[in-house]
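The values are calculated or read from the model by the stated rules, or taken from the named source; none is laboratory data. All values derive from a computational prediction rather than experimental measurement. Cβ: placed from backbone, ideal geometry, glycine included. Neighbour counts: every protein chain shown. Quick note on the areas: whole protein, heavy atoms, side chains included, nothing else; ligands and nucleic acids left out. Shrake-Rupley method; radii C 1.70, N 1.55, O 1.52, S 1.80 Å.
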There are 2 protein chains.
Amino acid sequence: MSQTVDRALSILPLLAEGPADLGRVADRLGVHKSTALRLLRTLHEHGLVYRQSDQRYRLGARLIALAQEAMENLDIREIAHPHLVRLNEQCGHTVHLAVYEESEVLYIDKVESRYPVRMYSRIGKPVAITVAAVAKLLLADLPESERRLLADKLDYPMYTARSTPNAPAFLRELEKVRDQGWATDLGGHEESINCVGAPIRGGDGRVVAAMSVSAPNVVVTADELLTLLPLVRRTADAISGEYSGRTPVKEVAP
Amino acid sequence: MSQTVDRALSILPLLAEGPADLGRVADRLGVHKSTALRLLRTLHEHGLVYRQSDQRYRLGARLIALAQEAMENLDIREIAHPHLVRLNEQCGHTVHLAVYEESEVLYIDKVESRYPVRMYSRIGKPVAITVAAVAKLLLADLPESERRLLADKLDYPMYTARSTPNAPAFLRELEKVRDQGWATDLGGHEESINCVGAPIRGGDGRVVAAMSVSAPNVVVTADELLTLLPLVRRTADAISGEYSGRTPVKEVAP
DNA sequence: ATGAGCATTGCAAGTACTGCAACACACCAG
DNA sequence: CTGGTGTGTTGCAGTACTTGCAATGCTCAT
């Protein structure tokens, strides 16, 4: 809607691919170098881009700080976290929390017992939307029209032989998930990884988030993982209850 | 430099404080509501802000994804990480990695043994710049003039009785840190927490990052923590070596 | 029902953005 | 040391774009 801002913001995903110099940015934007320079300067003043020693631009630290605050404003994360930890303690597997926003599904929390360290590497990453259990749960709750529209728009990469192949199959799967109230991903993203997930609902019954437990084949078979389903659903329901109980609006002191 | 973009970007930190409606955004920006609306729309199209069900705006998920990619482009993090993990395994305490950028110090990695879960809650957060050991290390290496300028500009909140009280004291401390090649924070941020840190240097000797080990008083006394100093310095030096060894520039395939 | 409060849209005025071209600077080669 | 190519940077005039106003919708609470 606003040309100048639009151009400026287009720089960010461009720089996310890696550092770039002025000429490259101008080319990719399709504008004159001087224009790109002034946009970059403005972004720089706000700390969203950083100029490294070789004069090339890359994404800046303020962006990371902003994203941090953005996550902290998602109160579902705060409420869910202790439950995720408890679930992890009980079953020992990786636990995910994800939300849907603007045609994307994003992990916003993760508890992992075996590799306690690499966790940040996934938080914030978009989910494999056509196969992940949490994605199915979130999309299954969308209004009919929006769901069809999105399903048509998506790509269906065949990560494995068991990946969802196309839109009709995906829509069928979503129907199933919606009816049964839980979802799985059995080797649809990585051959040896299975997941089982359940939805978290707000006071009005709408799905506001989804959680899942993941484990590799070598640790537990898919069948064994499925025995955790009641536990997962209980956890999800507990989070739902707490979320709808407390009023989610935060008052700001005057 | 560009008024429109400047205004648009000013919305982001504003929304970081919490969701806001159109009127509030317009007021804070000092522009007409219709102007604010169009700026918000543009931000929305890029996924940087999200419109929640009550029509208020908050920071969007794309921001989190962008920050994720930004972090992955910081190659010092990648190189340092295994070293941080090893150090954590040896001493059992929390290990931090931080960088300096544009008058801010930011944690970009953290390994914590006791609470393996809460780690992301700090990564990306600006550091208490006047007291943290990593901050001292990073600022101590700034050019004289920049250091003085920054020291004057900073606030000196008294988190505890042992916090750095003012600019002169801070500058003296930085001198000391620079000379000795390591730094501590003994209860300067939280009464019962001590830290000891060491700098990570690039090939040209400049400090590119800093790391520290933190532990509460109740687990080890400050003196005991200081016995870890050689280990911390060895780890930092190992990272420095690996960082300067490999050429830090990444060539893009043509 | 009725009004208050909010978001939204069309439009005219004018400001601020754009692209050009000239300049400055660094780096490399001869 | 010097000329040349590749950068990034700045001043300027034209105009495309943004802006604020005022009027219109819309939703919710009374």
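Annotations
- Any hit, the stretch A:83-98, residues being of a type in the set (Lys, Arg) and outside the structural domain of residue A:232 (by TED's automatic domain parsing): no
- Residues of the stretch A:28-69 that turn out to be within 15 Å of DNA strand C (Cβ to nearest atom) and either more than 31 Å from the chain's Cα centre (by Cα) or of a type in the set (Gly, Ala, Ser) (or both), as a count: 12
- Residue A:16 being over 17 Å from residue B:62 (Cα atoms) and either more than 11 Å from DNA strand C (Cβ to nearest atom) or surrounded by 19 or more Cβ atoms within 10 Å (Cβ to Cβ) (or both): no
- Scanning the stretch B:47-62 for residues that are touching a residue at least 40 places away in the same chain (Cβ under 8 Å) and within 9 Å of chain A (Cβ to nearest Cβ) yields B:58, B:59.
- Candidates A:42, A:35, filtered to the one that is among the polar types (S, T, N, Q) and open to solvent by less than 10 Å² (accessible area, probe 1.4 Å): A:42
- The stretch B:1-13 - residue that is near DNA strand C (Cβ under 10 Å from one of its atoms) and not β-branched (Val, Ile, Thr) and, of those, surrounded by the most Cβ atoms within 10 Å (Cβ to Cβ): B:8
- Only a single criterion out of (1) basic (Lys, Arg); (2) crowded, with 17+ Cβ neighbours inside 10 Å; (3) within 24 Å of residue B:133 (Cβ to Cβ) is not satisfied by residue B:62, namely (3).
- Residue A:28 facing chain B (nearest Cβ under 10 Å) and charged (D, E, K, R): no
- Single unsatisfied condition, residue A:124 versus (1) under 20 Å from the mean Cα position of the chain (by Cα); (2) in a helix (DSSP H, G or I): (2)
- A search for C-beta distances below 6 Å between a residue of the stretch A:81-108 that is open to solvent by 40 Å² or more (accessible area, probe 1.4 Å) and any residue that is in a strand (DSSP E or B), counting only pairs 6+ apart in sequence or on different chains, returns A:104/A:126.
- The listed residue being in contact with a strand residue (DSSP E or B) (Cβ under 7 Å, 6 or more places away or on another chain) and away from DNA strand D (no atom under 16 Å from the Cβ), out of B:40, B:15: B:15
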